[in-house]
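Scroll down for the structure; my scribbles are underneath it.
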Amino acid sequence: MKLDATSTDFRAAGHKSLEAHVQVKPTAADRPHWEWNREHLTELCVVSGIDVDPTDAAGPTEIRVVEAPGPTCPRCWRRTGEASGSRHDPNLCRRCAAVVEKLPLQNGAGEKGSAA
């Protein structure tokens with residue numbers, strides 16, 4: 001594997017792993033491993049996202065780390081590139097907004113059904 005020089009500078013610049021978005025250009029042989037494990041790799045590597053380039057690398061698999069776009073989700077701290085606009089917190093990512101929406105309402109939390 002070949003790590004882009006800017007990727008090593010990413011951590012040295014004080015960025016946290018959840019601020020990272022990983023871009024991978026795999027070899028044809030490595031592609032299946034990156035594709036079927038992408039969601040698990042995002043969790044395992046503790047990054048905001050992993051993109052796999054649709055073209056094959058001519059040499060070894062190429063990896064580049066860049067700053068992830070968008071706001072930071074206040075629940076999971078990932079930067080997914082978009083906020084959900086949730087009624088609970090508009091800055092939640094879509095994944096967290098779906099989880100929070102399913103949580104039971106708490107009495108006294110100022111939500112519908114609370115004891116006032």
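The values are calculated or read from the model by the stated rules, or taken from the named source; none is laboratory data. On a predicted model such as this, the values are computed, not experimentally measured, just so you know. Because the Cβ atoms are built from the backbone with ideal geometry, glycine has one as well, and the counts that use them run over all protein chains shown.
So the values come out like this:
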quantity	calculated
Subset tally (residues that are touching a helix residue (DSSP H, G or I) at 6+ places or on another chain (Cβ under 9 Å), among the acidic types (Asp, Glu) and in contact (Cβ under 8 Å) with a residue 60 or more places away in the chain) for the stretch 47-80	0
Residue list for the stretch 102-116, filter: of a type outside the set (A, V, I, L, M, F, W, C) and at pLDDT below 85	104, 106, 107, 108, 110, 111, 112, 113, 114
Every residue from the stretch 81-98 that is within 20 Å of residue 39 (Cβ to Cβ) and either in contact with a helix residue (DSSP H, G or I) (Cβ under 9 Å, 6 or more places away or on another chain) or assigned by TED's automatic domain parsing to the domain that holds residue 19 (or both)	82, 84, 92
Close pairs from the stretch 32-46: first more than 16 Å from residue 17 (Cβ to Cβ), partner assigned to a helix (DSSP H, G or I) and of a type outside the set (Val, Ile, Thr), Cβ under 6 Å, at least 6 apart	none
Qualifying residue in the stretch 58-65 (condition: closer than 19 Å to residue 16 by Cα and not β-branched (Val, Ile, Thr))	yes
Residue ID - surrounded by the most Cβ atoms within 10 Å (Cβ to Cβ), chosen from residues in the stretch 65-91 that are out of contact with any Gly (no Cβ under 9 Å at 6 or more places or on another chain) and on the phi > 0 side of the Ramachandran plot	77
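Conditions tested, residue by residue: (1) surrounded by fewer than 16 Cβ atoms within 10 Å (Cβ to Cβ); (2) among the small types (Gly, Ala, Ser).
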position: 25; (1), (2): no, no
position: 30; (1), (2): no, no
position: 35; (1), (2): yes, no
position: 41; (1), (2): no, no
position: 45; (1), (2): yes, no
position: 49; (1), (2): no, yes
position: 57; (1), (2): no, yes
position: 63; (1), (2): no, no
